[in-house]
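Quick one: structure below, then a few questions.
The values are calculated or read from the model by the stated rules, or taken from the named source; none is laboratory data. All values reported here derive from a predicted model rather than from experimental measurement. We place every Cβ from the backbone using ideal geometry, glycine too, and count neighbours over all the protein chains shown. Side chains included, ligands, DNA and RNA excluded: accessible areas come from the protein's heavy atoms. Shrake-Rupley method; radii C 1.70, N 1.55, O 1.52, S 1.80 Å.
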Amino acid sequence: MSTHKTFVSDIKAIRDRARAHMEEGAITAGYGADREQVIRILNEALATEIVCTLRYKRHYYMANGIHAKSVAEEFLEHANEEQAHADMIGKRIVQLGGAPDLSPNGLASRSHSEYVEGTDLVDMLEEDLVAERIAIDTYREIVQYLGNDDPTTRRMMEEILAKEEEHAEDLSSLLQQLGRNEQPAKAPASRAAFG
Ligand SMILES: [Fe+2]
Ligand SMILES: [Fe+2]
């Protein structure tokens, strides 16, 4: 028996299996992950993205109201990117044969990060940074969990993770800029206190 023959019969088996499980869409028998578990994890990530979208939208409206235009634009950009992440995750859940959970009931408890309204610009930026750091940690764990069992979902989560890292970077540089702007007013007072 040649290896060529074995290979051909393997191809036939793969094709038969693909036809037999046609109703399972993109998920073939070779899928290595625990599908139910992956769908549950992705629904939590979806809730996280929606909560982040809502928080950034709130911060966008508020920053616009206090004429902090450049920060407001940054909030809007992040809100749109979080919405795009939610779309990617929702579509992947359906590909895996699951249903995206968009119910407002329990949205906050399914989400990894919190919805915090924030009082002023610095407060909003700090809350967003905390939320991004939580997302970065949990998404990194998801990437590790998926490993080679579901490379498509892993690649998607890696792409989202990279964007959350960019978001955190944006927020921390905005915080630094705002901090620098406040320096001249604060410096003489602290010098006097120690002088
Ligand atoms: Fe996101
Ligand atoms: Fe983000």
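Calculated FRET efficiency, ASN148 and ASP10, Cβ-Cβ r, R0 22 Å, to nearest 0.05?
Details: r = 20 Å, r/R0 = 0.92.
Rounded to the nearest 0.05, the efficiency is 0.65.
Right, here's the next one. Quote to one decimal, in nm, the extra length available between ARG155 and ARG140 on full extension: 0.36 nm per residue of separation minus the C-alpha distance between them.
Values: separation 15, 0.36 × 15 = 5.40 nm, distance 1.15 nm.
Contour length minus the Cα-Cα distance gives 4.3 nm.
Ranked from the most accessible area to the least, with a 1.4 Å probe and all protein chains present, what is the order of SER103, SER113? Walk me through the intermediate numbers first.
Working: SER103 40, SER113 5 Å².
From most exposed to least exposed: SER103, SER113.
Just read off the accessible area of LYS12 with the full protein assembly in place, 1.4 Å probe, to the nearest 10 Å².
Counting only protein heavy atoms, LYS12 exposes about 120 Å² to solvent.
Then there is this: Ordered by packing density, taken as the mean number of other Cβ atoms within 10 Å over each peptide's residues, highest first, how do 47-58, 86-97, 24-35 rank? Kindly include the intermediate steps, with their values, before the conclusion.
Working: 47-58: 22.8, 86-97: 17.8, 24-35: 13.0.
Listed from highest to lowest mean packing, they are 47-58, 86-97, 24-35.
HN-Hα J couplings of region 76-82 from phi, Karplus 6.51/-1.76/1.60, θ = phi - 60°, integer Hz, Gly and Pro as x?
After applying 6.51 cos²θ - 1.76 cosθ + 1.60, I find 5, 4, 5, 4, 5, 5, 5 Hz.
Sticking with this structure for a sec: What's the FRET efficiency of GLU165 with TYR115 using the Cβ-Cβ distance as r and R₀ = 25 Å, to the nearest 0.05? Before the final figure, lay out each step's value.
On the way: r = 21 Å, r/R0 = 0.85.
About 0.70, to the nearest 0.05.
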